[in-house]
Amino acid sequence: MKEEFIELLKSTNREGIDNLISFLEKTDFFEAPASTRFHGDYKGGLIEHSMKVYEIFREKVKNASIEINSPEDTIIISALLHDICKANFYKVDYRNAKNELGVWEKVPYYTVDDQIPYGHGEKSVMMISEYIKLTPEEKYSIRWHMGFTEPKEVYSTIGNAYKKYPLALLLFEADLEATYFFNI
């Protein structure tokens, strides 16, 4: 899966993409979970989630009820990198839990260790922008991929962003589907 992910990113031919890939390889991105307990909460869950979002997102763009004229590199970058903010974000900790025999034992679990508290979508945009130039459509799509799970105070802003860049709404939907339909 890692090889396919990297090949897709390279296929965008974006200036700086090799540096971005090199950065990812120095992080835990390819081994990290997608979350602590909601979806993909296992080693490698983040890359699996990102690839599933890409797969769903491509289909949504192809079959959208309105015409979406976004280039393939925009689809790839938006989907694969929407959660780059989760690189080096989780750590393993331990807690006591009873095993199947009813005996207490220490078991590992993921917890958040946010060293760069800059939000979620906006943090991904910031991190990507350190390596490659993003189009406005990519910035909005990645920034608002959490959709209406954001605080209600920004719902009007989210709605305006989705009207301006419908691709952002499709990324939100693809992310939800990967999370809730596939638990990835």
Cross-chain or 6+ apart pairs with Cβ under 9 Å, the range 172-184 first and without any contact (Cβ under 8 Å) to a residue 60 or more places away in the chain, then of a type in the set (A, V, I, L, M): 172/146; 172/158; 181/56
Selection status of residue 109, touching a residue at least 24 places away in the same chain (Cβ under 8 Å), aromatic (Phe, Trp, Tyr) and crowded, with 19+ Cβ neighbours inside 10 Å: no
Answer residue from the range 117-176, given it is β-branched (Val, Ile, Thr) and open to solvent by 60 Å² or more (accessible area, probe 1.4 Å) and is nearest to the chain's Cα centre (by Cα) among those: 149
Residues within the range 109-157 that are closer than 25 Å to residue 28 by Cβ and not in a helix (DSSP H, G or I), tallied: 18
Whichever residue in the range 90-104 is in a strand (DSSP E or B) and of a type outside the set (Lys, Arg) and, among such residues, is farthest from the chain's Cα centre (by Cα): 104
Yes/no for residue 79 being modelled with pLDDT of 95 or more and either more than 19 Å from the chain's Cα centre (by Cα) or surrounded by fewer than 15 Cβ atoms within 10 Å (Cβ to Cβ) (or both): no
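The values are calculated or read from the model by the stated rules, or taken from the named source; none is laboratory data. No experiment lies behind these values; they were computed from the predicted model shown. With ideal geometry, Cβ positions are generated from the backbone for all residues, glycine too; neighbour counts draw on all protein chains shown. These area figures cover heavy atoms from the full protein model, side chains too; ligands, DNA and RNA do not enter into them. Shrake-Rupley method; radii C 1.70, N 1.55, O 1.52, S 1.80 Å.
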